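Participant: Sharing a structure below in structure tokens format, with a few things to ask.
The values are calculated or read from the model by the stated rules, or taken from the named source; none is laboratory data. Note that the coordinates shown come from a computational prediction; the quantities given were computed from them, not determined experimentally. When we count neighbours, we look across all protein chains shown, and the Cβ atoms used for this are built from the backbone with ideal geometry, even at glycine. Remember, those area values only see protein heavy atoms, side chains included, never the ligands or the DNA or RNA. Shrake-Rupley method; radii C 1.70, N 1.55, O 1.52, S 1.80 Å.
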2 protein chains.
Amino acid sequence: MSPIGKTRPTGRDRLRDSVLAGDLSFLLARANALTLAAANAALAEHGLKARSYSVLALAADDVRPTQRELAEFLRLDPSQVVALIDGLEKRQLVERRTDPADRRANVLVATDAGRALFARAQSSARAVELGLLAAVTPEDHERLAELLRLLAFPE
Amino acid sequence: MSPIGKTRPTGRDRLRDSVLAGDLSFLLARANALTLAAANAALAEHGLKARSYSVLALAADDVRPTQRELAEFLRLDPSQVVALIDGLEKRQLVERRTDPADRRANVLVATDAGRALFARAQSSARAVELGLLAAVTPEDHERLAELLRLLAFPE
DNA sequence: CACGGACCGTTGAAAATGTCAATTATTTGT
DNA sequence: ACAAATAATTGACATTTTCAACGGTCCGTG
């Protein structure tokens, strides 16, 4: 054994060998930051951001979520959901329908224009996602999604 | 084949079967949101947040990063790094040393108090991380980290 | 050597997001 | 019928993000 302690990689990216780089929270945060930036850039041409895209996706998917469900699913404050839907509704992409089963609640549905825009936006989003996953083998795509699901939806 | 279209899970969590739930960006965002909240809660007792913890970690690890390196590594604006370091420096956890090789740049080093606090904070952070990974098998921990690294550090 | 252009950290302002408490309308349980 | 709980909304406030401008320093070229 050499008596010398840690050999310090003096190169470009010494930081990548720090303890932090093994930290799951950090890796998640950084991966998320890059992904989010790429997604927002790609969605901009459709006048969307990741947030509004998510809301539109759920509306277009005929899930008929209430605003509360949206808030919890997207981890947003209910008041942010209000603003988000206001924006989409003003553009006629989405409509609030009062839930017949509970007149306090609104259920979100997409208009035809909303569905059309979502279809276009989705293909942009998919393209970006494939680009980000370039270094990951196809079978690992699903593995990654599975593992993330465990973190994203703890029982 | 049944002529009926999509069978709609009418249960608690129909949203989890939506197209969005297969979206990597969404899973990353949600996993990150939960993880970040848990980390912040655990770090609060040490007067830290995920951000300041990350900075302290790099300082304590003797990586001697410049502020610019910190900004890029943590995906922050350089001005945010200034504020972050100001906070830690005021608490004497960290010091700015002007880089002898480039007097424009500051290099960040941890004080003894900073190292001590980091050691304590790190064990809180690890405990939280293990809790979040409860549903993931130990060998998948590393697999997940590997996959996230590919996203977090595209060559 | 001197100069211009690039780069580092810092400041400050503006925009976007996040957090929270209060309000109205409705539901639910008793 | 009533009290407590819940859905959406509003408005206030804090935190975070984003950006442009500035002084000090470095580097390459003339």
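Participant: Where the accessible area of the protein assembly as shown is counted over protein heavy atoms with a 1.4 Å probe, how much of it, in %, is carbon and sulfur?
Facilitator: C and S atoms contribute 53 percent here.
Participant: Rounded to the nearest 500 deg cm²/dmol, what is the calculated helix-only ellipticity per residue at 222 nm for chain B, with -39500 (n - 2.57) per DSSP H run of length n ≥ 4?
Facilitator: Values: 6 runs with 88 residues, N = 155.
Computed ellipticity for chain B at 222 nm equals -18500 deg cm²/dmol.
Participant: In degrees from 0 to 90, rounded to the nearest 10, what is the angle of the helix B:138-152 Cα long axis to the longest principal axis of chain B?
Facilitator: Helix B:138-152 sits at roughly 70 degrees to that axis.
Participant: Kindly give the distances from A:S79 to its copy-mates, label point to label point, with each label point 7 Å from Cα along Cα→Cβ, as nm values to one decimal ordered shortest first.
Facilitator: A:S79 label point versus its equivalents elsewhere: 2.5 nm.
Participant: Here is a follow-up. Compute a Gaussian network model of chain A, connecting alpha carbons closer than 10 Å, and tell me which residue from A:R16, A:R64, A:R75 fluctuates the most.
Facilitator: The residue with the greatest mean-square fluctuation here is A:R16.
Participant: With charges set only on the Cβ (+1 for Lys and Arg, -1 for Asp and Glu), what does the dipole of chain A come to about its Cα centre, in debye to the nearest 20?
Facilitator: Details: 22 positive and 21 negative charges, 112 e Å.
With Lys and Arg at +1 and Asp and Glu at -1, about 540 debye.
Participant: Which of B:L27, A:N40, B:H141 sits closest to the plus end of the dipole of the protein assembly as shown, meaning its Cα is farthest towards the positive end, when Lys and Arg get +1 and Asp and Glu get -1 on the C-beta?
Facilitator: Result: A:N40.
Participant: Another one. Only Cα pairs under 8 Å and at least 6 apart count here; give the relative contact order of segment A:25-113 as a rounded whole percent.
Facilitator: It comes to 25 percent, rounded to a whole number.
Participant: Run the label-point distances for A:A119 please: 7 Å along Cα to Cβ, every other copy, nanometres, shortest first.
Facilitator: 6.3
Participant: What is the diffusion coefficient of segment A:49-145 in µm²/s, taking the Kirkwood radius over Cα pairs and the Stokes-Einstein relation at 37 °C with a viscosity of 0.692 mPa s?
Facilitator: Numbers: Rh = 14.4 Å.
D = 227 µm²/s.
Participant: I would also like to ask the following. Compute the long axis of helix B:78-90 from its Cα atoms, compare it with the longest principal axis of the Cα atoms of chain B, and write down the angle in degrees, 0 to 90, nearest 10.
Facilitator: So the helix axis and the longest Cα principal axis differ by about 60 degrees.
Participant: Using a 1.4 Å probe on protein heavy atoms, which residues of segment B:24-45 have at least 30 Å² less accessible area in the complex than alone?
Facilitator: With the partner chains in place, segment B:24-45 has these residues losing at least 30 Å²: B:L24, B:S25, B:F26, B:L27, B:L28, B:R30, B:A31, B:N32, B:L34, B:T35.
Participant: Principal axis extents for the protein assembly as shown, Cα atoms only, whole Å, descending order, please.
Facilitator: Largest first, the protein assembly as shown extends 74, 39, 36 Å along its Cα principal axes.
Participant: Hey, another quick one. Heavy-atom accessible surface, probe 1.4 Å, ligands and DNA/RNA ignored: which residues of segment A:48-74 lose at least 40 Å² versus the isolated chain?
Facilitator: Residues meeting the cut-off: A:D61, A:V63, A:E69, A:F73.
Participant: Can I ask one more? Enumerate the amide H contacts of A:V107 below 5 Å, restricted to partners 5 or more residues apart or on another chain; note that Pro and chain-start residues carry no placed amide H.
Facilitator: A:R97, A:T98, A:D99
Participant: Using only the heavy atoms of the protein chains and a 1.4 Å probe, how would B:E45, B:E146 rank by accessible area, largest first? Walk me through the numbers before you get to the answer.
Facilitator: Values: B:E45 145, B:E146 95 Å².
Most to least solvent-accessible, the answer reads B:E45, B:E146.
Participant: With a 1.4 Å probe on protein heavy atoms only, work out how much accessible surface B and A bury together, total over both chains, in Å² to the nearest 100.
Facilitator: Chains B and A together bury roughly 5900 Å² of accessible area.
Participant: With every protein chain kept in place and ligands, DNA and RNA left out, what is the accessible area per residue of segment A:49-145? Probe 1.4 Å, answer in Å².
Facilitator: Details: 5260 Å² over 97 residues.
Heavy-atom SASA per residue in segment A:49-145 reads 54 Å².
Participant: Under a Cβ-only charge scheme (Lys and Arg +1, Asp and Glu -1), can you give me the dipole magnitude of the protein assembly as shown about the Cα centre, in debye to the nearest 20?
Facilitator: On the way: 44 positive and 42 negative charges, 134 e Å.
Magnitude of the dipole: close to 640 debye.
Participant: Since chains B and A are linked by a rotation, which residue in B has the beta carbon closest to its axis, and how far is it in Å?
Facilitator: Residue with the nearest Cβ, plus whole-Å distance, for chain B: B:N32, 2.
Participant: Can you tally the net charge around A:G22? Count Lys and Arg as +1, Asp and Glu as -1, for every other residue whose Cβ sits under 14 Å from the Cβ of A:G22. All intermediate terms of the calculation are to be shown ahead of the outcome.
Facilitator: Working: positive: A:R16, A:R30, B:R126, B:R143, B:R149; negative: A:D17, A:D23, B:D61, B:E129, B:E142, B:E146.
Once positives and negatives cancel, what remains is -1.
Participant: Can you give the relative contact order of segment A:80-155 as a percent, counting alpha carbon pairs under 8 Å and 6+ residues apart?
Facilitator: Numbers: 39 pairs, mean separation 13.3, N = 76.
Dividing the mean separation by the residue count of segment A:80-155 yields 17 percent.
Participant: Ratio of Rg to Rh for segment A:83-137, alpha carbon only, Kirkwood? Write out the running numbers ahead of the final one.
Facilitator: Numbers: Rg = 15.9 Å, Rh = 13.2 Å.
Rounded to two decimals, Rg/Rh equals 1.20.
Participant: In whole Hz, what ³J(HN,Hα) sequence does segment A:28-42 give by Karplus (6.51, -1.76, 1.60; θ = phi - 60°), x for Gly and Pro?
Facilitator: For segment A:28-42, the Karplus curve yields 4, 4, 5, 4, 5, 4, 5, 4, 4, 4, 5, 5, 4, 4, 6 Hz.
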